[in-house]
1. Once the piece of chain linking Asp60 and Thr437 is laid out straight, how much longer is it, given 0.36 nm per residue of separation minus the C-alpha distance between them?
2. Write down, largest first, the equivalent ellipsoid semi-axes of segment 266-392 in whole Å, where each equals the square root of 5 times an eigenvalue of the alpha-carbon gyration tensor.
3. Counting other beta carbons within 10 Å of each Cβ, put Tyr70, Tyr410, Tyr559, Tyr159 in order, fewest first.
4. Quote to one decimal, in nm, the extra length available between Ala45 and Gln292 on full extension: 0.36 nm per residue of separation minus the C-alpha distance between them.
5. Residues with amide H under 5 Å of Val520's amide H, sequence separation 5 or more or different chain, H placed in the peptide plane at 1.01 Å from N; which?
6. Give me the number: length gained by fully extending Thr139 to Arg428, i.e. 0.36 nm times residue separation minus the C-alpha to C-alpha distance, one decimal in nm.
7. Can you give me the pair-distance distribution of segment 223-286, C-alpha pairs, 5 Å bins, whole percents?
8. Project the alpha carbons of segment 496-611 onto their principal axes and report the range along each, largest first, in whole Å.
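No lab work stands behind these numbers, since they all come straight from the coordinates. Remember, it's a predicted structure, so these values are computed and weren't measured experimentally. We place every Cβ from the backbone using ideal geometry, glycine too, and count neighbours over all the protein chains shown.
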Amino acid sequence: MRFTARTPLWIVTPVAVAIALVACGGSDGDDLVVDSNPNSCAILASNGSTVVVGSGVAGDPAAPEAASGYRLGYKAKQSNSYMVVANTPLASKAGCEVLKAGGTAADAAIAVQAVLGLVEPQSSTIAGSAFMVYYDAATKKVTAYDGRETAPAAATGYYLVRQDQADPASPAPVPASNPVGRRSGRSIGVPGVMRMMEMAHKEHGKLKWNQLFDEGVDLATNGYVIPARLGAAINSNRNSLALDANAMAAYFKPDGTPKLSGETTTNLPYAQTLQALAAQGADALHTGPIAQAIVDKVAQAVGDDAARTPITPGLMTLADLSGYKAKKRDPACTTYRATYYVCAMAPPSSGGIAITQALGILENFPLSFYPPTNPTVEGGVPSVMGVHLVSEASRLAYADRDKYVADTDYIPLPGNGLSTMLDKSYLRGRAALIDLTRTMGTAQAGNLGDVPLGRDTSVEAGTTHFSIVDAYGNVASVTSTVESSMGSFHMTNGFLLTNQLTDFSAQPVDGAGVPIANRVAPGKRPRSTMAPTVVFRGSEPGDFMLATGSPGGGTIIQYVLKTVVGALDWGMDAQMATSMVDFGAANSPTTNVDGANTSLDTSALVAGLRAMGHTVSTGAQSSGISTIMRVQKDGKWVLQGGVDPRREGIILGDGAL
């Protein structure tokens, strides 16, 4: 490998780089772009000085802040060649340091994930799942990487509701004292995120795999300050976590009280797991002693508490773990208004199809006529018609999602697949169902042929998102999840196990006995709403414009759609589109209007929607949108970042931001 300093070809302005005289691995013959600016991956304090994330000095963004609410005053940040936006400061720093060392977006994603499993375990884990939409600038190709969990081989359609998995006609009862649910081993799927990361690294990495875990190992060994959201999650889940001795050791003090936000803690078992991953690759989780520990934990039949609380064991085996394979999918891509090319995640996620379907419906309306008011102030207040149109398009997309979308390895999409669901003429017909004066309330799924499937509205919960652009022009949009907050509450070797299988329909058939697409089956992946998204200018990949995504369970589609519409239709910058009031609807009469930012008056918006028949919820939303845009400023192309003010994340890149 040659180590040279050069200007990234996709950036027209020079960037200061230096020759790296260290062994970094990667593809032979590839140039490694290393940034020697000592202020990169830091933030700029109010007095003009730079502050290193995690340093503990005044102004350190990793210091705990309010666990919920809305941070006022955020403006878009700018860098010249690389950027990472994640929902926790320490994760952003880990990814940024990899980019600074010449790593790719794929390299940085691994470092981010390793730290998230430590400092944001309520949302993400190295034994969970993730989806990544990756743009390779050299080939101009977009790939959707699928690291979703799978059901164990022994699972049947009644895995989540019957201990014996028998048909309900069976006389065998399910003891109420030993439920099948989130806290049981039945909720835990075969993990896939690290297999997915390994696949992406082999295809797109430049740095050596074993270099990408150093930040996580250091934090787990030497200590990190418990963020506010993690502290709140430990406290709110303390009774369930108390059933697991490993969780007690990680998140509780010797006297049995929960560790608090702002306190410094370590997680030595997690450090050892990361070291094993660094040395052995993803095999460390899928074979050997850590894999056996996962299987044993899933099979646990009673809690570690004094009462020995019963827990329904799961049926995962070592063969399930060793046999897991990450997959590459064709992303859900579509043109939008003949001006943009949008690519999002394909099944088993429903998020990408819903986003691209909704855009295909919305391009039949002059949405640019209905922008928010005063967008420079926290993204502004959306207009009544803007919210109405986007919400109605969402209802139609959710209706198709609820009926048709599942793991396509088991249940194919109707017709010719993605092309049928994203067909422009079909979506024009769906758009014609929208009344400009009245909400439809609940939409019906479109007629896409004879596909006799029941409707399933299951949703997921605890998730995080990060967006990365590297100095080579590569882009990673990644949504990672543990499912509900703190997952299944089962913990081993320093990491939590998810309750991801609860994303399946609990029942395999609906009330009429019609099979549900998203039913449990051996080796099947549960449907997701995660929607990592990448947008290009023009009619094909090449001119990167935007990467975004969000946590939020079943409302992820709404958060991502409003951000994309804000940038593409309303000309908002990355921060405005991210900060803007969250709004939208699933397929129900209720339309969400985010109440997190109490400094904005949304009363006229709410009244206008109610006059059109909408049932409006003004509860505070908990999105975690992470957005990077590539824009022209002062005659040059730059990266522009937006971080969700509803969470704890920050933006980092070259130079102090």
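1. Numbers: separation 377, 0.36 × 377 = 135.72 nm, distance 4.90 nm.
Stretched out fully, the Asp60 to Thr437 stretch lengthens by 130.8 nm.
2. Semi-axes (√(5λ), whole Å): 47, 21, 17.
3. On the way: Tyr70 21, Tyr410 16, Tyr559 29, Tyr159 25.
Taking fewest neighbouring Cβ atoms as first place, the list is Tyr410, Tyr70, Tyr159, Tyr559.
4. Working it through step by step, the gained length comes to 84.2 nm.
5. The list, which skips near neighbours in sequence, is Ser505.
6. 100.8 nm
7. The calculated distribution, bin by bin, is 4, 18, 22, 20, 16, 12, 8, 1.
8. 45, 43, 34
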